[in-house]
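Notes to accompany the following structure.
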Amino acid sequence: MMHIFLIGYMGCGKSYWGKRLASSLDFEFIDLDELIEKREGISIPEIFEQYGEDAFREREQSALESVKDLKQTTVISTGGGAPCFHHNMDRMNAMGKTLFLEANPRILKQNILKSDEERPIVKAIPETELETYIANHLKERLPFYEQSQLKVNVDGLTLDNLKRLFR
Ligand code: S3P
């Protein structure tokens with residue numbers, strides 16, 4: 001089964017675009033963070049709080065591995081850190097197509113502030129420092145994101161543009 005993995009920093013729109021892409025191609029959709037929450041029976045922020053980030057990364061890897069058992073072609077939105085741990089980029093590249101949703105730190109900050117999703121990684125960063133934090137963190141993560149087979153900038157992105165990548 002060749003799945004489609006959406007990759008990129010928090011707030012780049014992986015779930016937003018993933019859902020739309022999946023329904024327009026008539027594929028299934030899964031949000032990896034939601035899958036982890038379902039498997040563990042607790043929320044992502046609770047996993048971070050109770051067990052720490054390393055434990056979260058292990059659960060994330062294991063949830064990602066479980067994707068290979070899916071019987072339908074699926075669009076999978078991954079957490080922003082997923083590509084950067086436990087050789088997950090290799091894992092995803094082997095299981096299907098990987099698409100990096102590129103966005104600049106200003107847009108990422110806006111989207112993070114707009115959403116009501118709780119994000120443990122940036123929770124403690126004051127708003128005035130958030131854009132700088134994102135810029136630096138993104139730079140660290142780029143070498144992983146850039147291992148994606150496909151890349152598109154979310155600025156002005158349309159569903160048609162996105163669909164065209166998979167024709
Ligand atoms: C994380 C991103 C989150 C979630 C977790 C850690 C990260 O997903 O997996 O809070 O390390 O960037 P989103 O990218 O959907 O916010």
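The values are calculated or read from the model by the stated rules, or taken from the named source; none is laboratory data. Keep in mind the model is a prediction, meaning the values are calculated, not measured. Here the Cβ is made from the backbone with ideal geometry for all residues, glycine too, and neighbour counts use every protein chain on show. Areas reflect the complete protein model, heavy atoms only, side chains present, ligands, DNA and RNA absent. Shrake-Rupley method; radii C 1.70, N 1.55, O 1.52, S 1.80 Å.
Things to note:
- Odd one out for Lys151 among (1) within 19 Å of Glu34 (Cα to Cα); (2) surrounded by fewer than 16 Cβ atoms within 10 Å (Cβ to Cβ): (1)
- Selection count, segment 66-82, where residues are within 16 Å of the ligand (Cβ to nearest atom) and either surrounded by fewer than 24 Cβ atoms within 10 Å (Cβ to Cβ) or farther than 15 Å from Lys97 by Cβ (or both): 6
- The combined condition, being modelled with pLDDT of 95 or more, away from the ligand (no atom under 16 Å from the Cβ) and assigned to a loop (DSSP other than H, G, I, E, B), is not fulfilled by Leu162.
- Leading residue by the ranking (farthest from Leu157 (Cα to Cα)) among those in segment 108-143 that are within 14 Å of the ligand (Cβ to nearest atom) and β-branched (Val, Ile, Thr): Ile125
- His3 satisfies every condition listed in (1) closer than 26 Å to Asn161 by Cα; (2) within 12 Å of the ligand (Cβ to nearest atom); (3) in contact with a Lys or Arg (Cβ under 8 Å, 6 or more places away or on another chain) except (2).
- Search result, residues across segment 124-145 that are within 26 Å of His87 (Cα to Cα) and open to solvent by 90 Å² or more (accessible area, probe 1.4 Å): Lys139, Glu140
- Among the residues of segment 14-31, those identified as touching a strand residue (DSSP E or B) at 6+ places or on another chain (Cβ under 6 Å) and open to solvent by less than 50 Å² (accessible area, probe 1.4 Å) are Lys14, Ser15, Gly18, Leu21, Ala22, Ile30, Asp31.
- Checking each residue in segment 49-89 for being closer than 16 Å to Met2 by Cβ and free of Cβ contacts under 8 Å to residues at least 12 places away in the same chain picks out only Asp69.
- Residue within segment 100-108 that is open to solvent by less than 70 Å² (accessible area, probe 1.4 Å), under 12 Å from Phe144 (Cα atoms) and either of a type in the set (Asp, Glu) or in contact (Cβ under 8 Å) with a residue 24 or more places away in the chain (or both) present: yes
- Meets criteria (out of contact with any Pro (no Cβ under 8 Å at 6 or more places or on another chain), within 21 Å of Tyr9 (Cα to Cα) and more than 9 Å from the ligand (Cβ to nearest atom)) for Glu40: no
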